[in-house]
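Structure, as structure tokens:
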Amino acid sequence: MQMELKRDIYQKLLTWKKKNTHKVLELEGARQVGKTYILNRFSQEYRSYIYINMIGSTGERFLQCLEAASSWTPGQTPPDKPLHKAFKLYAPDFSDQEDTLVVIDEIQESSVVYSKIREFAREFRCHFIVTGSYLGKTREKEFFLSAGDVESLTMTPLTFPEFLDAFQLRERYETVDLFGASSHDEYDSLKRYFDLYLHIGGYPEVVKTYLETESVEACADIIGELVSIFIRESSRYFDNPLETATFDKVLSSIAVMMLKEKKGTKDLITDLTSIIFKEESGKIAKRTVNYAISWLYLSHQIGYCGKSVDCDNLNIVENCRYYFMDLGIANQFLSLTGTSQEAIDGSLCENFVYLDLVERIKRREIAGQSPWFGTDEKTSGELDFYVRSRLDYKNYGIEVKRGNEIAVTANGLLEKGKLDYVYNLKNTYGGINGRKYTVPLYLAGRIRFDLGRSL
């Protein structure tokens, strides 16, 4: 029997269906996060379902149907509704009704089909979802997309609450007190699984492997395979083999930069290039790294973090740091550096909070196009994350401490009035001291950024 992992995105798919805007849904997400699986499940909400994979035989057949339906000789009357006809040729029982779902997977493989998205939205009553693991390909000029005809959702590896759901602990996560009022046993059980999540991440195949084997080593093998497959598959989209060979080096170099704990950088590409091409210089090396970074970002492997100078939401330097979009992959590359596990876990904890802030930006809770870290220019101090709330328009500082370190910079910024509140996320049971809130690190997803509303 196939093991099923509950995914929160299913409710978002139901909401899209109910809204019935007739916009095409573009489901983004890294390879192997479960996009095809969740859409197959979602298809049960419809009476009729058509699945086309542009990287397989179904895609080849659909392109043949589209060509036959669109064929035209000058002097003749152009074919009427060729797209409708193409679907009829592909699936004779096709019915253009709202209870029909059409999913086109790996759509980046065909600029012809991708460029039909406007017609899918405007000329059909049935619902369309397009998806792919390498939609960065669709940024090229031969791919036409009318943004007004598309809604987007991004599917990620399992979040920590979804991960806990697999172990029947989600309700405990959602109800345990943030500030230490619950029993220590409840906190300790969540922390055990948090430590596991830090090391294996949330890719469904990895989580299922752990559920079946309870072996972290077996999970590491799966993560290694996922990275290798990603790099091999990416090679199809690049002419220069040097670019694909750079992916592994770029990911390793990002891990090195995370562990150095410096105050960001003015030019990430230059810094990465200097690490990767120690004996080379010039435009070729820098351009190669830039291509690889862009591809990794568009393929949902890495994310950016900006810098807020003096915790000012109007003084932002974008793209000063990178983080991984899955903790299992982050742990894999951080471990390759030979750094102590204690130092690695510190970086993983910070990465964990980063991923939560990315989701809060999507939910319009906090400002920015990407999360920010903060600085205190007078003391040269650094704040792990600075948040400008869109709920109460207050400034929040977040310090991520794996151990019992004191948040010196955050406390100083609070005293100066640069921050309104401070969250200390630590391996502790929590507590409140004025405007300083100490919360167990693994409950980062439950902290609130509307504290100013109660004043």
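The values are calculated or read from the model by the stated rules, or taken from the named source; none is laboratory data. The structure presented is a predicted model; accordingly, all values stated were derived computationally and were not measured. With ideal geometry, Cβ positions are generated from the backbone for all residues, glycine too; neighbour counts draw on all protein chains shown. Ligands, DNA and RNA are excluded from the accessible area calculation, which covers all protein heavy atoms including side chains. Shrake-Rupley method; radii C 1.70, N 1.55, O 1.52, S 1.80 Å.
Among the residues that make up segment 125-133, is at least one of them of a type in the set (A, V, I, L, M), at pLDDT 95 or above and farther than 30 Å from Leu63 by Cβ?
no
Tell me the residue from Gly430, Gly374 that is in contact with a Pro (Cβ under 7 Å, 6 or more places away or on another chain), crowded, with 18+ Cβ neighbours inside 10 Å and closer than 27 Å to Thr156 by Cβ, please.
Gly430
Could you check, for segment 44-60, whether at least one of its residues is under 14 Å from Gln108 (Cβ atoms) and out of contact with any strand residue (DSSP E or B) (no Cβ under 8 Å at 6 or more places or on another chain)?
Yes, because at least one residue in segment 44-60 is under 14 Å from Gln108 (Cβ atoms) and out of contact with any strand residue (DSSP E or B) (no Cβ under 8 Å at 6 or more places or on another chain).
Within segment 132-223, considering only helices (runs of 4 or more DSSP H) that don't extend past its boundaries, which have at least 3 residues that are touching a residue at least 60 places away in the same chain (Cβ under 8 Å) and open to solvent by less than 10 Å² (accessible area, probe 1.4 Å)?
184-200
Would you call Ala410 of a type in the set (A, V, I, L, M, F, W, C), within 23 Å of the chain's Cα centre (by Cα) and open to solvent by less than 30 Å² (accessible area, probe 1.4 Å)?
Considered against the rule, which asks whether it is of a type in the set (A, V, I, L, M, F, W, C), within 23 Å of the chain's Cα centre (by Cα) and open to solvent by less than 30 Å² (accessible area, probe 1.4 Å), Ala410 comes out as no.
Just to be sure before I move on: is Tyr386 among the aromatic types (Phe, Trp, Tyr), farther than 21 Å from Tyr193 by Cα and open to solvent by 10 Å² or more (accessible area, probe 1.4 Å) in the structure I sent?
Criteria not met by Tyr386.
I'm trying to understand the selection: among the residues of segment 60-81, which are in contact with a Ser or Thr (Cβ under 8 Å, 6 or more places away or on another chain) and modelled with pLDDT of 95 or more?
Selection gives Leu63 alone.
Residues of segment 390-407 being acidic (Asp, Glu) and open to solvent by less than 30 Å² (accessible area, probe 1.4 Å), which ones?
Passing the criteria: Asp392, Glu399.
For Ala367, all conditions in the list (1) open to solvent by 20 Å² or more (accessible area, probe 1.4 Å); (2) modelled with pLDDT under 95 hold save one; what is the number of the exception?
Of the numbered conditions (1) open to solvent by 20 Å² or more (accessible area, probe 1.4 Å); (2) modelled with pLDDT under 95, the odd one out for Ala367 is (2).
Which one is most open to solvent (accessible area, probe 1.4 Å), of the residues in segment 225-266 that are modelled with pLDDT under 80 and within 27 Å of Val309 (Cα to Cα)?
Step by step, filter segment 225-266, then rank; the result is Lys266.
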